[in-house]
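Since every read-out is calculated from the coordinates, none of them should be taken as a lab result. None of the values given here were measured: they were computed from a predicted structure. Here the Cβ positions follow ideal geometry from the backbone for every residue, glycine too, while neighbour counts run over all protein chains shown.
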Amino acid sequence: MTQEIYQKAMKFAGIHHSNQKVPGTSANYLLHISNVVMEVIMAHKFKENFNLDYAIQVAILHDTIEDTLADFDEIKAKFSEEVAKGVQALTKNEKLASKQKKMLDSLNRINELPIEVGIVKLADRITNLQEPPAHWSLDKIEQYCEEAKLIADYSVGKNEYLHQRLLNKIYDYEQDYVNALV
């Protein structure tokens, strides 16, 4: 049942992200996670062509390998191998040299998995295209926007609703933060 799956995953994420804040704020990281899940639920409401329970688990856990001490095996044992593979694909490979190579590698791994993983990637970037932290340089803001465009390019066909939302968020982000600072 969706509610039990949500609660189990949220408890796991809450424990693992307990000391993490949304970058540039004092908000607990679960705010970001809940926003990503909300985007996934709204996408499912738009078109019910994906497994909502799987997508919710991946959405809630999407940053646990990258940002916490949780690992693939722990997620596999607590949830499933399918969920662990989705979270792993959303995790950047820190052994790669550049940010662009890390992003392309992750996007390629995402595209090898079911559409739910790509849907979570779209939802994550939509949620992250908020006002950038005050310490970000214009170059960092521009790079982040370019990454969002790359995600949009690699995510065509995953979910029309989220894809269009991402394109709209990119446009707004450019107007509000990239062009406004130039």
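Local charge for Y54 was computed over the other residues whose Cβ lies under 9 Å away, with Lys and Arg +1 and Asp and Glu -1, and equals -3.
Charged side chains reduced to their Cβ positions (Lys and Arg at +1, Asp and Glu at -1) give the chain a dipole of some 100 debye around its Cα centre. In order along region 72-79, the Karplus-derived 3J(HN,Hα) couplings, from 6.51 cos²θ - 1.76 cosθ + 1.60 at θ = phi - 60°, round to 3, 5, 5, 5, 4, 5, 7, 10 Hz, and Gly and Pro are given as x. Taking amide hydrogens as placed 1.01 Å from N in the peptide plane, the amide H of Q20 sits under 5 Å from those of Y29, each at least 5 positions away in sequence or on another chain.
Taking θ as phi - 60° and the Karplus parameters 6.51, -1.76 and 1.60, the scalar couplings of region 11-16 work out to 4, 4, 5, x, 5, 6 Hz in sequence order, x denoting glycine and proline. Ordering I119, H44, M1 by the projection of their Cα atoms onto the charge dipole of the chain, which places +1 on the Cβ of Lys and Arg and -1 on the Cβ of Asp and Glu, puts M1 at the extreme positive end. When restricted to Cα atoms, the chain yields an Rg and a Dmax of 15.7, 49 Å, respectively.
The residues neighbouring L90, those whose beta-carbon lies less than 12 Å from its own, together hold a net charge of 0 under the Lys/Arg +1, Asp/Glu -1 convention. Among M1, M10, M42, sorting on how many other beta-carbon atoms sit within 10 Å of each Cβ, with the fewest leading, yields M1, M42, M10. Between A27 and A134, full extension at 0.36 nm per residue minus the direct alpha carbon distance yields a gain of 37.0 nm.
Counting every other Cβ atom within 10 Å of each residue's Cβ, I126, I41, I65 order from fewest to most as I41, I65, I126.
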